Amino acid sequence: MTVAGAEIMNEASMKCSGGELYLDNPDGRDGFSIHVDNGVHSDETTAYGDWGGVGLIPKSDCFEYEYGWRHHMSPIRHGIFHYGGGCPTGGGNSVVGAPYFFFGSSGSKYDNKPGKLAIHELGHDLGLEHFGKIEPGSSFNFKPHYVSLMNYAYQYGSPNESEHSAWDFDNLRFSHGERRYVLDSEGRRTGEEHYIDPAAIDEGTPWLDVASNGSSTYYDMSHGASGWSSYPWYFVERMSMEGWKYPWLFLDWNRDGIIQPVTTVKADVLIDESAVFKFWEFDEDIRYGPQLVAKEDVLYVFFVREDSNGIRYRMYSEGADCDPEQIGPGGQENLPANHRPPCGDWTGEREIPQQVNIAGHFSAVNNSATGRIDIFFIDADNRLCVLSGSDPNWRVPSCEDVGLWSTPEAVFFTDKILVFGLGEPEGDLYRVYVVEISASEPEDTGEWYIWPTALRSEDEWDNFKSLFTPAVAVNQVEGRLWGIYTVWANPAEAAPWQHEMRMFTNSWGGYVFFEEVARETLWLNRPLEDEVYGPPRLEKRYTDCKPALAVETLPNGMPRWTLWFHGDTENEDDANVFYRMVSSVVRAGGESWPAFSHITLGSSDFGYDVDATRRSGFDIEYYRGKLRAVISYDVGRGDDLKKGYIFFPLADGIFHARLKDVNDVEIIGENMARSLGPLFFGMGSMAKTNICILNHVDPLLCLYGKTKGSENFDLSAFDGKKDEDLVDLRCFPDLGHK
């Protein structure tokens, strides 16, 4: 452990308040002290020191903390010290209530990262989960109001009002449950508790602005980290109420720019892991697809298997009594085993009987004019084809050479179907074309019209060009097209192989002339202006293939965009994960507008990590008013190298829960002694007797009595054998990932 690491561990532990229902410190002082035996002598502090307990362990034993606690730690320290194995990694792991853990220990003496990792793992030893504690409906990571170093959202820092810092990377703290308890006008607990139900939030319910650790609820919730995952960054209204000790707070939980106190709203407040929490998985080798199409009460999933050239599909449905948002009281504590959604029905795999010679990914739309599904693809003869029908009746494909060579992107627009695609190269990009097709007669290729398109960017008109086929969505309320196209990144700002996403719309109607949405107002690092750091700033995003876009209209008339995309790669065979972004209404300079300011994972997690190359397909679609997503993978899922696809019924990240803040300090007080384990475990009876005599303790108590730390302690795990599986049980990813 580095010196700086030991110091930041003590800084975090000393912030814990003393007093009733907390640590109950006899001296009345706040917090608890941590003494790290790191082999570094100090005459000025006991936060670290050289007390003879540091030793080298074999690299092969690094992750074996149970084994190390037994074999690499002196028995005289058992029941007094926790065992912390420092490993050359960026992560760590522990067991809740145990006396051991491992942590990433690399770094210079001035690097406090090892301490940040170690205090998090020690928190597990002291009884804390990533969500605080197991409670029905509340056992979820990333709770925005649980400001704790145990929470992935705050494991590397938190807002710091006393320093006027929107995000202080050294402000680690345990939660005191400030946002858990409903208080009366005098600030006393009423016995009721706050909770957030993401699928039914009343934005008119006030929260009180309680201060702790140099910050306040108002500051914590209206500031956050910028860049990778900008949360919480909520718009908060604060009102001073006569006769109340604390001001009232009202939060814009769904980030639509307004606070709605009358009706309930839905909001993805967990953000990072919420959309991929529940999923259906299919171990089927996919070459092209998958594509989603909602038709009446059925959601189709189309794909082409690796061993076939025919288009296959499954049909998903939810009965009248099926609400996927009703996931039950369980949470993440039982993952990955409980990833199965609560309801939903699937048909078996079916194949469209018509022969197709499909040459790449395809696009499908529900054609309300004909009552059929239209599947558009490029065949081996470089023709654009349409295959129409629905289960079980499918028509013969109609094809025409329209000069497109890329993956088509089809959307239903007024009384037409528009198919976007790429034509001839122009410089290092490709010309974007739109094929206009009558929705009432999509198979009449003689009535297909091919339009070259133009784009105005930064007040300059030019031919519309892109690296990949644009992703396009239609806002049916305003009758407007929105899309994402891709260009080579500026080599002065990114790697020369990176591909930058940009957004466009048909500002003047139609589908020939488009305008780029100003990058400086769209791709932002946070949704709110900050008094110190100023307005949100440009945060460009990159991908290596056509993304997927969906759009809906907010009550205030503004669009909300949802974007799923594959992480950028340099080479075709390089693997990455999937990501998602949902627009927020940004507030800066007295104005508000929609913008992308959060980026999170769109791949399944919890032991089912998905890696895929840019050849893998994915799609998003609204079904029964709720966003759904599907991704395929061709590299592996965790340690399993099979190919397949995964369907997410909660792609908007919204489901019913009862998310609560947690009083970390109370849990620490309850578990501190017992987490040390049995006193002098493994020591012989003669040595144990001598220790007791030297410390004026009855030897019979040492030999036969139970110490506080040994109560309910399960010794069955200490069999002297290594647990090889522990190598893969990382508590959280490396610092560079989250």
Problem - Residues TYR622, TYR234 arranged by fewest to most Cβ contacts within 10 Å - result: TYR622, TYR234
Fill in the blank from the handout: With +1 at each Lys and Arg Cβ and -1 at each Asp and Glu Cβ, the charge dipole magnitude of the stretch 153-269 around its Cα centre, to the nearest 20 debye, comes out at 140
Completion exercise
With a Förster distance of 30 angstrom and the Cβ-Cβ distance between ALA294 and ARG340, calculated FRET efficiency to the nearest 0.05 equals 0.85
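Have a look at the DSSP beta bridges in the chain and tell me what percent are antiparallel, nearest 5.
Percent antiparallel among DSSP bridges in the chain is about 90.
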Exercise for the section: Just the ratio, please: alpha-carbon radius of gyration of the stretch 312-434 over 2.2 N^0.38 Å, N its number of residues. Expected result: 1.41
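With 18 Å as the cut-off, how large is the P(r) tail for the stretch 153-269, expressed as percent of Cα-Cα pairs?
Values: 3635 of 6786 pairs.
Taking all Cα-Cα pairs of the stretch 153-269, the fraction more than 18 Å apart is 54 percent.
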Fill in the blank from the handout: Exposure proxy check on CYS385, CYS399: fewest-to-most Cβ neighbours within 10 Å is CYS399, CYS385
Practice task
Work out the length of the dipole vector of the stretch 1-156 about its Cα centre, built from +1 on the beta-carbon of each Lys and Arg and -1 on the beta-carbon of each Asp and Glu, and round it to the nearest 20 debye.
Solution key: 380
Practice task
Compute the length gained on full extension between GLU426 and GLU441: take 0.36 nm times their separation in residues and subtract their Cα-Cα distance, giving the result in nm to one decimal.
Solution key: 2.1 nm
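Once you've got the Cα coordinates, tell me which of LYS266/LYS295; LYS266/LYS626; LYS295/LYS416 are over 21 Å apart. Write down the numbers at each step before the final one.
Numbers: LYS266/LYS295 24 Å; LYS266/LYS626 11 Å; LYS295/LYS416 18 Å.
Violating the 21 Å Cα-Cα cut-off are LYS266/LYS295.
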Problem - Cβ-based charge dipole, the chain, positive-most Cα from CYS62, ASN506, ALA369 - result: CYS62
Problem - Cβ charges +1 (Lys, Arg) and -1 (Asp, Glu), total dipole of the chain, debye - result: 1000
Fill in the blank from the handout: Rounded to one decimal in nm, the spacing of the 7 Å Cα→Cβ label points at GLU572 and LEU538 is 3.2
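Among LYS15/LYS143; LYS143/LYS245; LYS59/LYS113; LYS15/LYS540; LYS59/LYS109, which pairs are too far apart, with a Cα-Cα distance over 28 Å?
LYS15/LYS540
Around ALA439, what is the net charge, scoring Lys/Arg as +1 and Asp/Glu as -1 over all other residues with Cβ under 15 Å from its Cβ?
-4
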Practice task
Arrange the following residues from fewest to most other Cβ atoms within 10 Å of their Cβ: VAL472, VAL236, VAL610.
Solution key: VAL236, VAL472, VAL610
Practice task
Quickly estimate the mean residue ellipticity at 222 nm for the chain, helices only: each DSSP H run with n ≥ 4 gives -39500 (n - 2.57), and the total goes over all residues, rounded to 500.
Solution key: -2500 deg cm²/dmol
Handout entry: Signed unit charges on C-beta, dipole axis of the stretch 153-269, positive-most listed residue ALA211, PHE174, PRO198
Key = PHE174
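Throughout, read-outs are computed from the coordinates displayed, never taken from laboratory work. Predicted model, so just to flag it, every value in this text is computed and none were measured. Counting neighbours? That spans all protein chains shown, and the Cβs are built from the backbone with ideal geometry, glycine included.
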